[in-house]
Amino acid sequence: MAEIGLNIEKAAELLNEGEIIGIPTETVYGLAGNALNEDAILQIYSAKNRPKFDPLIAHTDSLEKVEDLVKNIPEKAATLAKHFWPGPLTILLEKKLNVPDLLTSGLSRIAIRIPNHPLTKQLLSKLDFPLAAPSANPFGYVSPTTGQHVQDQLGDKIPYILDGGPCKVGLESTIVGFENDEVIIYRLGGTKVEEIEKLIGPVKIQVNESSNPAAPGMLKSHYSPGRKMIIGDIKENLKGLDKMTTGILSFQKQYDVPDNNLAILSPNGDIDDAARNIFAALRKMDQPHIEVILTEFLPKKGLGKAINDRLRRAAV
Ligand code: TXA
Ligand code: MG
């Protein structure tokens, strides 16, 4: 099992030696390694059992360090970076030659963000390389929002997990890129589309629903708790089902099933709270006695859209 602790020196030392470790961010925990070291990148793909056509995000702690990795920063990208970094926004930018193709799965753009977590910011400031860090879960499974989640899923594959407590946002970063003069959102996430539009005008949402390996971004089936999941009117769908073997993942409402089978995202209907709880709730549904999960979409505003996206993919 991995050691879990608060030792930033130790984390930095392991990363300097080319090892991979668990790190906290405000979105979800990452499985981190030196983004410029092909051996470390390969270890990440292998520990996650992730196909190499699915590229990794690079994390760093300053715009100067970003500039070392990209050819240029378009004006709108600079505006977004200034406003949202450090924070849950990933920007796709044309990469320089020093960035390994293995990191970007051969694509010409690198995905970069400056995460907003005090421990990880300190860690990054000690390193002279960026950190490649996908979410620290086995490929296709629910993302981790605590150090213990990382331990449960990948603890036997890594030496250390930097423990930064529960993630404050709880959903992965929003991914944004630029094609000609168009701003495109490729993944809905922790930065709200409304906030992006307020700053730079209308964006196009092009969230990938494909399972085509050549398509970058997200795969259709993801975040899976490994159970059949039905999205819709929970009360209606519960009729005729065995309450002992049915899991319920509701936004606000209480249901008459055993506590162990129920996850309520936010009893007072707060969507940001629901975002913080969604992945732990999906994890709770992954219990041997649960055969089917009933859930429902959230209101389509703020982070609700990103949560619905995760539910949709978890249900495939
Ligand atoms: O919040 C987050 O973004 C978390 C934390 C750890 O930072 N990371 C994360 O990484 O969610 P991951 O690997 O689970 O998801 C990254 C997504 C993938 O869907 C990948 O296909 C896409 O970003 N991606 C990465 N590099 C890309 C690139 N160069 N072009 C297009 N999509 C890219
Ligand atoms: Mg992921």
Are any residues in the range 129-147 assigned to a strand (DSSP E or B), among the hydrophobic types (A, V, I, L, M, F, W, C) and within 13 Å of ligand 2 (Cβ to nearest atom), and if so, which ones?
A132
Of R313, R227, the only residue that is modelled with pLDDT under 95 and either over 14 Å from V142 (Cβ atoms) or under 17 Å from the mean Cα position of the chain (by Cα) (or both) is R313
Search result, residues across the range 94-148 that are without any contact (Cβ under 8 Å) to a residue 40 or more places away in the chain and among the polar types (S, T, N, Q)
S108
Being more than 19 Å from L42 (Cα to Cα), of a type in the set (G, A, S), more than 16 Å from ligand 2 (Cβ to nearest atom) and in contact (Cβ under 8 Å) with a residue 12 or more places away in the chain is true for just one of G190, G164. Which residue is that?
G164
Counting residues that are of a type in the set (S, T, Y) and crowded, with 16+ Cβ neighbours inside 10 Å, which strands (runs of 3 or more DSSP E) fully inside the range 213-316 reach at least 1?
246-250, 292-295
Go over the candidates D54, D39, D61 one by one and state the one that is of a type in the set (D, E, K, R) and crowded, with 21+ Cβ neighbours inside 10 Å.
D61
Matching residues in the range 1-58 - criterion: being assigned to a helix (DSSP H, G or I) and within 16 Å of ligand 2 (Cβ to nearest atom)
I41, I44, Y45, S46, A47, K48
Among (1) within 13 Å of ligand 2 (Cβ to nearest atom); (2) of a type outside the set (S, T, Y); (3) not in a helix (DSSP H, G or I) - the single one V150 does not satisfy:
(3)
Can you tell me which residue within the range 182-200, out of those that are modelled with pLDDT of 95 or more and of a type in the set (D, E), is surrounded by the fewest Cβ atoms within 10 Å (Cβ to Cβ)?
E194
Could you tell me whether the range 74-82 includes any residue that is over 24 Å from G170 (Cα atoms) and in a loop (DSSP other than H, G, I, E, B)?
yes
Residue check, T25 against (1) more than 12 Å from L131 (Cβ to Cβ); (2) in contact (Cβ under 8 Å) with a residue 12 or more places away in the chain, all met but one. Which one?
(1)
Answer yes or no: is there a residue in the range 117-126 that is part of a strand (DSSP E or B), in contact with a strand residue (DSSP E or B) (Cβ under 6 Å, 6 or more places away or on another chain) and either away from ligand 2 (no atom under 16 Å from the Cβ) or within 22 Å of L92 (Cβ to Cβ) (or both).
no
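The values are calculated or read from the model by the stated rules, or taken from the named source; none is laboratory data. Predicted model only: the values in this text are computed from it and were never measured. Virtual Cβ from ideal backbone geometry, glycine too; neighbours counted across all protein chains shown.
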